[in-house]
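Note sheet for the following structure.
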Amino acid sequence: MRLIDVVVIGAGQAGLTAAHHLQRTGVDHVLLDRGAGPGGAWRNRWPSLRLGGVHGIHPLPGVAMPETDGARPASEVVSEYFGSYERELALPVLRPVHVHAVRDGGERLLVESSAGTWAARAVINATGTWDNPFLPHYPGRREFTGRQLHTADYRGPEEFRGQHVIVVGGGISAVEHLLEISEVADTTWVTRRPPKFTDAMFTPEDGRAAVAEVERRVRAGLPPGSVVSATGLPNSPAVIAARELGVLDRLPMFQRITADGVVWADGRAQRADVILWATGFRPAIAHLAPLNLRAPGGGVQLDGTRAVAEPRLHLIGYGPSASTIGANRAGRAAAREVRELLRTGDQECLK
């Protein structure tokens, strides 16, 4: 059992930002990261995702992101940047460490992990979503004799050359997969709802409105939901070209999966070698289950970044802060509130 002021779980953008602000004010803390190396979720992005094709990477506080070749894989560039950030600031990161559970230990929260148990006065959870891919259930899924994989498993289009790939999902990742795979294979795009393409440029006002909607949901204790559902899909030149070629001609969701493909309710069938589920992720917070945080609406109710059901716990990179700039803001806010919590507790002890 190790006593510490703050445990930060996860060393991605949000976790590193929180640690930066905790360190600046001398708060005793440790970062527990399950990754084999720096980079957070970025280290797992598919190699064909180039830095020049990524939008909205916001620098970590205090250290600018270096100029680099936009043709390099984003996973490599961002992982190198995060690694240099950890070294330059001498952040107390331990990895690979798997956190099994966070429990109420009375005066402190107990963080049980593969590297031992920490008794913390506060916990900042920054585990994101990448470790919890969502795979919807459809009849016959186990009967399919081809390959099934999720965006989390995607490594590029070349492995699908000459095959027929069904891409399921209406988000940006699904569109990116289709644009790549359609150059080497036949594709079918399937979504639950018609995709909403936006002809207008995405503005800062649009972004703020989307974040506000997600924030409204987490304040009400609802699952965060998808930002794309509030913003729509950007109509970039590449997307426009793909639509003209018919690559983005979407079909409604199939009724069931067969041994060699899928079947729709009207009897139409499509043979397939691969089903690629671009169906998103859910918050990776199973280790918080012992705290009983779930609200009646099914989500974790937050006031800012603080969990309403457990004021010593802050969630960052969750809901409205699930973006690089949002993670920076949330990390700073959580660190500030945790410092105030510790200060108030110290004052109470002196009385």
Go through Ala289, Ala278, Ala259 for me and flag whichever is over 28 Å from Gly15 (Cα atoms) and either small (Gly, Ala, Ser) or buried (at least 21 other Cβ atoms within 10 Å of the Cβ) (or both).
Ala259
Name the residues in region 102-143 that are touching a Ser or Thr at 6+ places or on another chain (Cβ under 7 Å) and aliphatic (A, V, I, L, M), would you?
Leu110, Val111, Leu135
Just to be sure before I move on: is Ala126 touching a residue at least 12 places away in the same chain (Cβ under 8 Å) and touching a Gly at 6+ places or on another chain (Cβ under 6 Å) in the structure I sent?
yes
Note: among Val63, Val97, Val102, just one is out of contact with any helix residue (DSSP H, G or I) (no Cβ under 6 Å at 6 or more places or on another chain), in contact (Cβ under 8 Å) with a residue 12 or more places away in the chain, of a type in the set (A, V, I, L, M) and surrounded by 14 or more Cβ atoms within 10 Å (Cβ to Cβ), namely Val97
Run Ala230 past the list (1) modelled with pLDDT of 95 or more; (2) buried (at least 16 other Cβ atoms within 10 Å of the Cβ); (3) among the aliphatic types (A, V, I, L, M); (4) in contact with an Asp or Glu (Cβ under 9 Å, 6 or more places away or on another chain) and report the number of the one that doesn't hold.
(1)
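Condition check ((1) more than 22 Å from Ala284 (Cα to Cα); (2) in a loop (DSSP other than H, G, I, E, B)) across all residues:
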position	(1), (2)
Ala11	no, yes
Trp46	no, yes
Val63	yes, yes
Glu67	yes, yes
Gly70	yes, yes
Val77	yes, no
Gly83	yes, no
Glu88	yes, no
His100	no, no
Which one of these is closer than 17 Å to His287 by Cβ and either modelled with pLDDT under 95 or buried (at least 21 other Cβ atoms within 10 Å of the Cβ) (or both): Gly39, Gly35, Gly26?
Gly35
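For every residue, the table says whether it meets (1) among the β-branched types (Val, Ile, Thr); (2) touching a helix residue (DSSP H, G or I) at 6+ places or on another chain (Cβ under 7 Å); (3) modelled with pLDDT under 90.
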site	(1), (2), (3)
Phe254	no, no, no
Ile257	yes, yes, no
Val263	yes, no, no
Gly317	no, yes, yes
Ser321	no, yes, yes
Among strands (runs of 3 or more DSSP E) entirely within region 105-189, at least 1 residues that are within 30 Å of Thr305 (Cβ to Cβ) and in the same structural domain as Val27 (by TED's automatic domain parsing) occur in 109-113, 116-125
Exception for Gly70 within (1) in contact with a Leu (Cβ under 6 Å, 6 or more places away or on another chain); (2) over 18 Å from Gly331 (Cα atoms); (3) surrounded by 16 or more Cβ atoms within 10 Å (Cβ to Cβ) falls at (3)
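The values are calculated or read from the model by the stated rules, or taken from the named source; none is laboratory data. These figures come from a predicted structure and were not determined experimentally. Reconstructed Cβ throughout: ideal geometry from the backbone, glycine too, with neighbour counts over all protein chains shown.
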